[in-house]
Each structure stands twice: as C-alpha cells, then as structure tokens.
Amino acid sequence: MNITFFGAAQQVTGSCTLLECAGKYILVDCGLPQGNDEQESGMDLPFVASSIDYLLLTHAHIDHSGRIPLLIKDGFKGKILTTEATVDLCEIMLADSGHIQEMEAEWRSRKSRRAGRGSVEPLYTVEDAQEAMQYFEPCAYDTIIDLGGGTKVRFVDAGHLLGSSSIEIWLKEGNEHRKLVFSGDIGNFDQPLIKDPEYIDNADFVIMESTYGNRLHRKPENAVGYAVPTSVRAQELADIVERTFLRGGNVIIPAFAVGRTQEILYLLRVIIEKKLCPSFPDFPVFVDSPLSVKATNVFAGNIFGYMDEETMALVNKGVNPIIFPSLTTITAVEGSKALNRRKESCVIISSSGMCEAGRIKHHLKHNLWRPESTVLFSGFQAGGTLGRSILEGARHVTLFGELIDVRCEVAELHGISGHADQSGLIKWLSSFKEEPKLVFVIHGDKEVAPWFASFVSKTLGLRAYAPEVREHFNLLDEATFPAAKKVDESVLSYLRELSEAVALLKKEESTLLSVVSRLEAAGREKGIDEKRAVRLTNAITRLASDLEYLQIKWGADPD
Ligand SMILES: [Zn+2]
Ligand SMILES: [Zn+2]
C-alpha cells in the first residue's frame with residue numbers, strides 16, 4: 001500500500017498523487033503545473049498512464065484536472081470518477097485548455113521555424129480534450145462507491161468551487177485496512193454562491209492542502225468568527241471601483257473563468273443594487289472571456305443542490321444572482337479589442353487568473369502603465385507567474401515582447417479567496433475525532449507547506465509532514481514514516497524576514513533594469529526633459545534607500 005506524490009508537493013500547482021494497493025493503481029487529480037512548478041516538474045506524466053485503473057478528481061480547476069487529456073493520450077483506459085458539476089465544468093475547461101495549448105504550440109512553432117528548427121507539438125489539442133470526456137463517470141456527493149477488492153470512495157463537498165470535493169478512500173490489502181482523506185482545495189467560509197466546506201471525522205492518513213497555511217485572510221479583530229459577510233466584501237470592492245473611476249481609470253480583474261468570475265459578479269450585482277459606488281451607481285462591467293460565459297451557464301444550470309442558502313433565497317425570489325443590467329459578456333475577439341479603445345471607465349473581468357495566458361494579458365498591456373487604473377487580484381498567484389510578479393511590486397514587466405511600466409494601483413481582495421486561510425485549515429483538520437497516523441501537507445509553496453506541517457504538529461500535536469516531489473511511502477510500514485519536524489521559531493522568523501528581503505531585492509532589480517533602459521533611451525535621444533529627470537532621480541533615490549535598508553539589516557557588520 002504505497003503513496004507517491006507527483007505534484008503540488010511543496011508546490012501549489014500540478015496536483016497529482018498516486019496510490020498503489022493490492023495491484024490496483026489509483027490516481028488522485030492530474031493537474032497542470034504552472035509557473036516555477038512547470039520548470040521544476042515538467043509537463044510529462046511520470047508514470048505509465050495505461051496502468052492506472054481509476055482517476056479520482058477533486059475539482060475542475062486546471063491545476064487539478066489540466067493533464068487529463070494527456071493521460072488519455074498516453075494510454076489511460078480506466079475510469080475518471082468525480083462529481084456531476086465537475087464533469088460539466090471539465091467539459092468546457094479542458095477544451096479551453098486544449099485551445100490554449102494549441103495556440104501556444106503555434107506561437108512556439110513560428111519562433112522555432114524562424115530559428116531553422118522544426119515545429120512544436122501541443123501538449124494536447126481541443127480534440128484530445130473532447131475525447132477525454134467519455135472516461136468521466138459522474139458521482140453524487142455523500143455516496144459510497146465500491147470499486148471492488150475492498151476499495152471504496154466517497155465525495156464530500158469541499159466548498160471551494162462548484163462541484164469541488166474532498167475524497168474519502170478506503171483501501172484494503174490482505175487483512176490490512178486503511179482510510180485516506182484527500183482534502184482537495186478547502187473552501188473559504190461564507191463565500192458567495194457556494195456552500196461551506198463539510199467536515200470529515202476520521203482517517204488513518206490525511207492529505208491536505210496548505211495554500212494559505214501561513215496567512216489569515218482578515219485581521220482577527222475584523223473577522224466575525226470565520227465569516228466575512230457579503231456586505232463587507234462588497235464594500236471593499238466598491239471602494240476600489242469608486243476611487244479608480246474617480247481617477248478616470250479602469251479596474252482590471254484577472255480571475256479564473258470558472259468560480260471566481262461568478263463570485264465577483266455576485267458582489268458587483270450587490271454593489272450596484274445597493275448603490276455602494278455613490279458617484280457611479282450603474283457602472284459598466286465587462287466579462288471578457290468565452291469560457292466565463294459558458295461557465296456562467298453551467299453555474300445557472302447547477303443551482304439546485306450546490307448553492308448556499310443566501311443564493312437560493314434570491315433564486316426563489318426570481319433574482320439571477322450573477323446577472324445585472326450594466327453587465328456585458330464578450331465572446332468575440334473584436335469586442336475584446338474594442339474595450340481597449342473605450343474612453344469611459346469600466347470594470348473588466350478576464351482570465352487567466354494568474355495572468356499567464358488568455359485575454360487578460362491584452363488588458364494588462366493597456367492598463368498597467370496608467371496610474372489611474374487598478375489591477376485587482378482576487379486569487380492565489382503561484383511563484384514565477386506574471387500575476388505574482390505584478391503583485392510583488394515589479395516596476396515593469398514584459399508582455400508580448402514589449403517592456404511595460406507598472407504604474408497602476410495594484411490591489412488584492414482578500415476576503416474573496418477560494419481557499420480557507422490558516423484558521424480555516426486548522427478548523428477543518430480539528431474535526432478529525434481520532435488522531436490520524438500521519439498528515440501529509442501538500443498544495444503549498446516551498447516556504448509554506450513545511451512550515452504549516454510543523455505548525456500542525458505544534459498546535460494540534462499531530463504527526464505532519466510536507467513531502468517533496470516524487471517522494472513515496474509505504475502506508476503499512478509505520479517505522480518508515482517521517483518524524484514530525486520541530487522547526488525553531490527564531491529560524492522561522494529569520495526565514496520570513498529573509499524572504500521579504502529577497503522580494504525587495506527582486507523588486508529593486510527590476511527598477512534598476514528599468515532605470516538603465518530609460519537612461520539608455522534618453523542617451524539615444526541626446527537629452528532628457530526635466531520631468532523625466534525628476535522621475536529617474538526619484539526612482540534611484542528609492543532604490544538607494546531600499547538597498548541601504550537591506551545593508552543595515554542583512555549586510556556585513558562594519559567591525
Ligand atoms: Zn482549486
Ligand atoms: Zn488547487
């Protein structure tokens with residue numbers, strides 16, 4: 001009875017864990033790695049696809065489902081079990097992912113041919129994605145499914161995305177029985193639209209996410225228990241819209257087309273209905289993504305059984321919770337381009353959520369350099385993605401081969417996160433009545449997952465461990481289990497400070513590059529106007545003071 005961690009191990013993306021029990025192979029999630037995780041792990045599947053009997057899928061997000069078409073292409077002939085809503089969402093999301101893969105391969109091929117090399121094959125195509133759908137078998141929540149040979153599974157609502165689940169798995173090998181619980185992505189409490197995560201009370205092994213294991217979404221004094229009421233979230237968003245529009249800019253929201261986009265629409269409907277933006281009561285909102293439009297339809301079709309009480313109360317009154325008169329959805333490319341020629345301020349929601357692909361990149365290109373606009377992040381940004389560098393304060397970024405200054409306001413909506421924060425994760429884990437033998441902490445950054453594992457052992461007294469990619473364990477051989485690591489608090493605080501210093505250095509590196517390129521440009525033009533000289537001097541002064549701060553804090557002792 002073995003477990004192998006093939007992805008999201010000290011990483012956030014590319015979820016993929018393999019179980020091997022009594023000659024049966026069960027995969028839990030088959031996600032696409034993004035950003036640094038892609039560089040680290042590569043895209044190829046590190047096992048024989050044809051040997052897998054079952055794939056159990058926690059939810060439709062691409063970092064959990066994105067390599068399913070590749071799995072089929074590589075020879076998988078088993079069954080994919082997941083909830084009905086996840087099947088519906090995967091149908092549109094995997095096809096969209098296939099489209100992105102095709103576009104990317106085409107772009108790379110053009111480059112490669114210009115350099116005298118051959119063309120680049122896409123990871124998979126739209127057709128591969130469509131082909132994959134015949135392997136899906138929809139399952140109901142809270143129902144035990146017998147896979148034979150003593151293996152059983154049950155999907156439980158994880159409150160993270162429409163159809164998202166935690167999965168309970170019962171395994172049997174000889175006379176040995178073990179129960180595993182995969183948390184999937186654990187939802188935030190009191191999110192708009194969907195239900196809260198459900199609790200599970202027993203397991204021998206828990207495999208849990210830790211995306212925000214080191215963070216609280218709200219300062220404790222602002223949180224009402226764990227709940228942030230919709231009105232508070234709506235007000236936070238309304239304030240950002242109001243101040244951006246007063247400056248004459250746009251609010252650009254990169255968002256997962258599925259889930260996050262619909263939650264933001266829900267808040268925007270509340271804002272307009274309650275007139276929370278006094279100067280712009282009926283401001284225009286554009287959802288620019290063909291995928292979002294399709295996903296919004298899936299949401300509409302799955303309202304019963306999935307939505308929370310607040311949403312159901314609206315539906316019963318005849319109100320569509322995510323539609324309002326000043327909302328326009330755009331599918332055609334022409335309409336998308338026309339948005340960038342608009343003079344009046346507007347809110348634009350577009351994907352992808354981490355700014356790595358899709359139409360959002362065009363909207364960033366047209367707004368990042370405008371001090372009057374705001375780029376508003378509403379979801380987790382993985383390391384190495386464009387979204388993360390903007391969020392961490394990059395002073396300029398490269399888009400479509402062009403250097404773009406970042407002068408807009410960069411903001412983050414914390415309350416709307418799709419993931420439980422540290423307190424939510426601990427609350428979820430505390431629901432286990434008997435101590436699990438071992439808690440594997442996955443789906444968290446390199447700095448976060450091991451830290452959260454030690455936090456779990458310290459606060460709950462459980463044995464917890466954050467595995468690395470490709471690490472594997474025999475679940476029947478307790479003697480080989482990793483010991484709970486004791487992490488020294490002072491070391492941790494140094495590590496945190498050090499990572500802050502590194503972030504600051506990264507930021508200053510980009511400033512320095514931008515100053516150099518501007519000086520070069522000025523040199524070419526043989527002259528520099530006064531305003532520009534002042535801006536450059538300011539940038540250099542900021543740079544110098546940051547460097548001085550780092551020198552004082554981390555530099556060698558002068559004695
Ligand atoms: Zn997710
Ligand atoms: Zn995830």
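For region 1-18, the criterion of a residue being over 30 Å from F299 (Cβ atoms), touching a helix residue (DSSP H, G or I) at 6+ places or on another chain (Cβ under 7 Å) and either without any contact (Cβ under 8 Å) to a residue 40 or more places away in the chain or within 14 Å of ligand 1 (Cβ to nearest atom) (or both) is satisfied by no position. Restricting the search to helices (runs of 4 or more DSSP H) fully inside region 250-309 and requiring at least 3 residues that are open to solvent by 50 Å² or more (accessible area, probe 1.4 Å) and modelled with pLDDT under 95 gives 290-301. Being of a type in the set (D, E, K, R) and open to solvent by less than 40 Å² (accessible area, probe 1.4 Å) is the requirement here; does K179 meet it? Yes; evaluated as a whole, the condition is true for this residue.
Does S431 fit the bill of being in contact with a helix residue (DSSP H, G or I) (Cβ under 9 Å, 6 or more places away or on another chain) and of a type in the set (S, T, N, Q)? Criteria not met by S431. Only a single criterion out of (1) in contact with a strand residue (DSSP E or B) (Cβ under 7 Å, 6 or more places away or on another chain); (2) farther than 30 Å from Y465 by Cβ; (3) away from ligand 2 (no atom under 16 Å from the Cβ) is not satisfied by L162, namely (3).
For region 45-64, the set of residues classified as within 16 Å of ligand 1 (Cβ to nearest atom) and over 13 Å from the mean Cα position of the chain (by Cα) consists of L56, L57, T58, listed by residue number. The condition of being within 16 Å of ligand 2 (Cβ to nearest atom) and either touching a helix residue (DSSP H, G or I) at 6+ places or on another chain (Cβ under 8 Å) or touching a residue at least 24 places away in the same chain (Cβ under 8 Å) (or both) holds for only one of L425, L413, L403, L399, that being L425.
The rows are residues; the columns are (1) open to solvent by 40 Å² or more (accessible area, probe 1.4 Å); (2) under 22 Å from S166 (Cβ atoms); (3) among the charged types (D, E, K, R); (4) assigned to a loop (DSSP other than H, G, I, E, B).
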site: L32; (1), (2), (3), (4): no, yes, no, yes
site: E40; (1), (2), (3), (4): yes, no, yes, no
site: D44; (1), (2), (3), (4): yes, no, yes, yes
site: F47; (1), (2), (3), (4): no, no, no, yes
site: S50; (1), (2), (3), (4): yes, no, no, no
site: L55; (1), (2), (3), (4): no, yes, no, no
site: A60; (1), (2), (3), (4): no, yes, no, yes
site: H64; (1), (2), (3), (4): no, yes, no, no
site: L70; (1), (2), (3), (4): no, no, no, no
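The single condition among (1) open to solvent by less than 90 Å² (accessible area, probe 1.4 Å); (2) modelled with pLDDT of 75 or more that R470 does not satisfy is (1).
Of the residues K365, K337, only one is in contact with a Leu (Cβ under 7 Å, 6 or more places away or on another chain) and part of a helix (DSSP H, G or I); which?
Values: K337 fails: in contact with a Leu (Cβ under 7 Å, 6 or more places away or on another chain).
Of the residues listed, the single one that is in contact with a Leu (Cβ under 7 Å, 6 or more places away or on another chain) and part of a helix (DSSP H, G or I) is K365.
Scanning region 107-121 for residues that are touching a helix residue (DSSP H, G or I) at 6+ places or on another chain (Cβ under 6 Å) and hydrophobic (A, V, I, L, M, F, W, C) yields a total of 1.
Quick one: in region 88-126, which of the residues that are in contact with a strand residue (DSSP E or B) (Cβ under 9 Å, 6 or more places away or on another chain) and free of Cβ contacts under 8 Å to residues at least 60 places away in the same chain is surrounded by the fewest Cβ atoms within 10 Å (Cβ to Cβ)?
E91
Could you tell me whether any residue of region 7-30 is modelled with pLDDT under 95, hydrophobic (A, V, I, L, M, F, W, C) and within 11 Å of ligand 2 (Cβ to nearest atom)? Yes, that holds for at least one residue.
For region 378-407, filtering for residues that are open to solvent by less than 30 Å² (accessible area, probe 1.4 Å) and either among the basic types (K, R) or not in a strand (DSSP E or B) (or both) leaves 12.
Filtered by the rule that a residue be of a type outside the set (A, V, I, L, M), farther than 17 Å from L291 by Cβ and under 29 Å from the mean Cα position of the chain (by Cα), region 313-339 gives N320, P321, F324, S326, E334, K337. So which of T311, T296, T244 ends up being over 27 Å from H362 (Cα atoms) and among the hydroxyl-bearing types (S, T, Y)? Within the list T311, T296, T244, the selection yields T311. Going by the structure shown, is E168 free of Cβ contacts under 8 Å to residues at least 60 places away in the same chain and more than 18 Å from the chain's Cα centre (by Cα)? Criteria met by E168.
The residues of region 427-447 that are open to solvent by less than 30 Å² (accessible area, probe 1.4 Å) and away from ligand 1 (no atom under 16 Å from the Cβ), listed by number, are L429, S431, F432, P436, L438, V439, F440, V441.
The values are calculated or read from the model by the stated rules, or taken from the named source; none is laboratory data. Worth saying up front: this structure is predicted, and the values here are computed from it rather than measured. Ideal geometry is used to build each Cβ from the backbone, glycine not excepted, and the neighbour counts take in all protein chains shown. Just so you know, the surface numbers come from the protein's heavy atoms only, side chains and all, with ligands and any DNA or RNA stripped out. Shrake-Rupley method; radii C 1.70, N 1.55, O 1.52, S 1.80 Å.
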